[in-house]
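Student: Quick one: structure below, then a few questions.
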Amino acid sequence: MITSSPSPITVWILAALAAGPNHAYGVTQQLQEDYKGLEYTSDRSVYAALKRMEVEKLVKGERVDATKHRRYFLTPFGRRILGREKLKAERLVLLVRQRL
(Lines give C-alpha, C1' and ligand atoms only; values in the text may rest on other atoms or scores of the structure.)
Protein backbone atom coordinates (compact mmCIF):
# COMPACT_ATOMS: atom_id res chain seq x y z
CA MET A 1 0.00 0.00 0.00
CA ILE A 2 1.11 3.56 -0.67
CA THR A 3 1.77 5.58 2.46
CA SER A 4 3.39 8.62 0.83
CA SER A 5 3.05 10.52 -2.40
CA PRO A 6 3.45 8.27 -5.43
CA SER A 7 6.29 8.83 -7.89
CA PRO A 8 5.65 10.79 -11.08
CA ILE A 9 5.72 7.64 -13.22
CA THR A 10 3.12 6.06 -10.95
CA VAL A 11 0.78 9.03 -11.39
CA TRP A 12 1.41 9.08 -15.15
CA ILE A 13 0.54 5.39 -15.45
CA LEU A 14 -2.58 5.81 -13.31
CA ALA A 15 -3.67 8.68 -15.57
CA ALA A 16 -3.02 6.61 -18.70
CA LEU A 17 -5.09 3.72 -17.34
CA ALA A 18 -7.92 6.04 -16.25
CA ALA A 19 -8.89 6.16 -19.94
CA GLY A 20 -9.33 2.38 -19.92
CA PRO A 21 -7.41 -0.91 -19.70
CA ASN A 22 -4.22 -1.26 -21.68
CA HIS A 23 -1.19 -3.50 -22.02
CA ALA A 24 2.26 -2.37 -20.89
CA TYR A 25 3.44 -1.44 -24.37
CA GLY A 26 0.26 0.57 -24.92
CA VAL A 27 0.81 2.40 -21.63
CA THR A 28 4.39 3.19 -22.70
CA GLN A 29 3.16 4.54 -26.04
CA GLN A 30 0.52 6.64 -24.27
CA LEU A 31 3.09 8.12 -21.88
CA GLN A 32 5.44 8.97 -24.71
CA GLU A 33 2.60 10.73 -26.52
CA ASP A 34 1.19 12.53 -23.46
CA TYR A 35 4.51 13.69 -22.01
CA LYS A 36 6.67 14.08 -25.11
CA GLY A 37 9.39 16.59 -24.51
CA LEU A 38 8.91 16.64 -20.75
CA GLU A 39 10.72 13.58 -19.50
CA TYR A 40 11.55 10.31 -21.21
CA THR A 41 10.33 7.12 -19.62
CA SER A 42 11.90 3.91 -20.84
CA ASP A 43 9.88 0.81 -21.62
CA ARG A 44 11.75 -1.00 -18.87
CA SER A 45 10.76 1.54 -16.21
CA VAL A 46 7.08 1.28 -17.20
CA TYR A 47 7.14 -2.53 -16.96
CA ALA A 48 8.86 -2.37 -13.55
CA ALA A 49 6.42 0.28 -12.31
CA LEU A 50 3.40 -1.76 -13.43
CA LYS A 51 4.68 -4.80 -11.53
CA ARG A 52 5.23 -2.70 -8.39
CA MET A 53 1.85 -1.00 -8.78
CA GLU A 54 0.16 -4.39 -9.02
CA VAL A 55 1.72 -5.39 -5.70
CA GLU A 56 0.56 -2.07 -4.23
CA LYS A 57 -2.99 -2.82 -5.50
CA LEU A 58 -3.08 0.33 -7.67
CA VAL A 59 -3.56 -1.70 -10.85
CA LYS A 60 -4.65 -5.22 -11.67
CA GLY A 61 -3.07 -7.20 -14.48
CA GLU A 62 -4.83 -10.00 -16.34
CA ARG A 63 -3.50 -12.37 -18.96
CA VAL A 64 -4.95 -11.57 -22.35
CA ASP A 65 -4.55 -15.08 -23.77
CA ALA A 66 -2.20 -18.05 -23.53
CA THR A 67 0.78 -15.73 -24.06
CA LYS A 68 2.52 -13.81 -21.32
CA HIS A 69 0.87 -10.56 -22.42
CA ARG A 70 -1.11 -8.80 -19.72
CA ARG A 71 -3.70 -6.06 -19.81
CA TYR A 72 -3.73 -3.67 -16.86
CA PHE A 73 -6.77 -2.07 -15.22
CA LEU A 74 -7.01 0.74 -12.71
CA THR A 75 -8.30 -0.56 -9.36
CA PRO A 76 -10.71 1.43 -7.17
CA PHE A 77 -7.74 2.15 -4.86
CA GLY A 78 -5.67 3.34 -7.83
CA ARG A 79 -8.51 5.61 -8.91
CA ARG A 80 -8.68 7.11 -5.38
CA ILE A 81 -4.93 7.75 -5.38
CA LEU A 82 -5.17 9.39 -8.81
CA GLY A 83 -8.01 11.59 -7.56
CA ARG A 84 -5.92 12.64 -4.57
CA GLU A 85 -2.98 13.49 -6.81
CA LYS A 86 -5.27 15.46 -9.13
CA LEU A 87 -6.44 17.61 -6.20
CA LYS A 88 -2.85 18.21 -5.11
CA ALA A 89 -1.86 19.25 -8.65
CA GLU A 90 -4.86 21.58 -8.93
CA ARG A 91 -3.94 23.25 -5.62
CA LEU A 92 -0.36 23.70 -6.79
CA VAL A 93 -1.46 25.26 -10.08
CA LEU A 94 -3.78 27.62 -8.21
CA LEU A 95 -1.00 28.65 -5.84
CA VAL A 96 1.44 29.30 -8.70
CA ARG A 97 -1.17 31.36 -10.56
CA GLN A 98 -1.82 33.45 -7.46
CA ARG A 99 1.85 34.17 -6.98
CA LEU A 100 2.75 35.05 -10.56
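Student: So which pairs qualify, if the first residue must be in segment 85-100 and assigned to a helix (DSSP H, G or I), the second must be surrounded by 10 or more Cβ atoms within 10 Å (Cβ to Cβ), the Cβ gap must be under 6 Å, and the two must be at least 6 apart or on different chains?
Tutor: Sorted first by the residue in segment 85-100, then by its partner, the pairs are Glu85/Val11.
Student: Being assigned to a loop (DSSP other than H, G, I, E, B) and either under 15 Å from Leu14 (Cβ atoms) or of a type in the set (Ser, Thr, Tyr) (or both) is the filter; apply it to segment 50-72 and report the residue that is nearest to the chain's Cα centre (by Cα).
Tutor: Looking at the filtered set, the residue picked out is Leu58.
Student: Would you call Arg44 open to solvent by 60 Å² or more (accessible area, probe 1.4 Å) and in contact with a strand residue (DSSP E or B) (Cβ under 6 Å, 6 or more places away or on another chain)?
Tutor: Spelling it out, it is not the case that Arg44 is open to solvent by 60 Å² or more (accessible area, probe 1.4 Å) and in contact with a strand residue (DSSP E or B) (Cβ under 6 Å, 6 or more places away or on another chain).
Student: Any residue in segment 76-83 that is more than 20 Å from Ser5 (Cβ to Cβ) and in contact with a Leu (Cβ under 8 Å, 6 or more places away or on another chain)?
Tutor: no
The values are calculated or read from the model by the stated rules, or taken from the named source; none is laboratory data. Note that this is a predicted model, so its numbers are computed, not measured. Positions of Cβ are generated from backbone atoms using ideal geometry, with glycine treated the same way; all protein chains shown enter the neighbour counts. Surface areas here come from the heavy atoms of the whole protein model, side chains and all, with no ligands, DNA or RNA. Shrake-Rupley method; radii C 1.70, N 1.55, O 1.52, S 1.80 Å.
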